Amino acid sequence: MSNKLIVVMVDGMRDDMARDNLGYIEHLIDSGMAARMTVRSELPSLSRPLYEVLLTGTPSSENGITANSSVRLSDQESLFHLTRQNGLVNATASYYWISELYHRVPFDFIKEREQRKPENPIQYGKFYWEDGYPDSHLLMDGEILRQQVNPDFLYIHSMNVDDTGHKCGCDSKEYRSRILRMDNYLSELIPVWRENGYQIVITADHGMSEWGLHGGTTDGERMVPLYIISEKMKKCRFDTVMPQLLFAPLMCHLLNIPKSEKMQELPESVTSMLQRK
């Protein structure tokens, strides 16, 4: 079984809208090629705090990243730290807030647009700062990194769904269209990634309300999808709603590396979804 992993994090993508509009990804579930479950995001359902949750498995009350205005380096062990410490190669094509969490603050738009420092937590990176930076370009940034450095862990973070949700709300044609477009891009990349031996995970940080907002406690703002294409997972639709704090330790399992001390142990409700060796 491969331990190599690509995570695509689609910022602001609601669970129900993913189910309705990710036609190719949902086809993989129906064809017995992938697993699907729902994740309940941590609170507050804001971007920067949830980036930290996804990548460190720690809540805001512990990690101190409590708002989008919490502009400082993380003091937690992230998936970037853990992969490097375990002799793996990591890379990311992401919004610049990821760089500010795990590389340096403040982000230098000239010097840090591209990062190639194998000694750092983020070893190889391509970063953008406009919320409207096209997902098509962002996914190609990730694919270029994959071809250039052959990472064991590649994290790709897109912003167009979130950007459109804020402008138009989750009930809009425009919001649905952005998710459909992401599905189209992924339908071309996923076969390539699978052929090259990668497990693939698709998820979101938070959802979106009808008013184009998030940060609160409603299901629309908190429920997000989790798709996993991996021989380490049973392939079906799970009824389980998984707490988002379990995402990072589950990624450690897929990468076959030890989780950090602060990450939670995977409960039986999650381990029952894993393929037995």
For the stretch 185-239 and the stretch 54-103, what is the separation of their C-alpha centers, rounded to whole Å?
19
Output ³J(HN,Hα) for the stretch 198-207: one whole-Hz value per residue in order, computed from phi by the Karplus curve 6.51 cos²θ - 1.76 cosθ + 1.60 with θ = phi - 60°, and x for Gly and Pro.
9, 6, 10, 10, 10, 8, 9, 7, 8, x
Packing-based order for 214-224, 25-35, using average beta carbon neighbours within 10 Å, highest first
214-224, 25-35
Taking the chain on its own, what percent of its Cα-Cα pair distances exceed 35 Å?
7
Ordered by residue, what ³J(HN,Hα) values in Hz, to whole numbers, does the stretch 87-97 give under the Karplus form 6.51 cos²θ - 1.76 cosθ + 1.60, where θ = phi - 60° and Gly and Pro are x?
x, 9, 9, 10, 7, 8, 10, 8, 4, 5, 4
Rounding to the nearest 20 debye, state how big the charge dipole of the chain is about its Cα centre with +1 on each Lys and Arg Cβ and -1 on each Asp and Glu Cβ.
700
Of the accessible area of the chain, computed with a 1.4 Å probe and all protein chains kept, carbon and sulfur make up a percent value of 48
In the chain, what is the count of Lys pairs whose alpha carbons are under 27 Å apart, counting only pairs at least 8 residues apart or on separate chains?
24
Determine the calculated [θ] at 222 nm for the chain from helices alone, applying -39500 (n - 2.57) to every DSSP H run no shorter than 4 residues and normalising by the residue count; nearest 500 deg cm²/dmol.
-11000 deg cm²/dmol
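The values are calculated or read from the model by the stated rules, or taken from the named source; none is laboratory data. The model shown is predicted, which means the values in this text are computed figures rather than measured ones. Glycine also receives a Cβ, built like all others from the backbone with ideal geometry; neighbour counts cover every protein chain displayed. Calculation scope for accessible area: heavy atoms of the full protein, side chains included, ligands and nucleic acids excluded. Shrake-Rupley method; radii C 1.70, N 1.55, O 1.52, S 1.80 Å.
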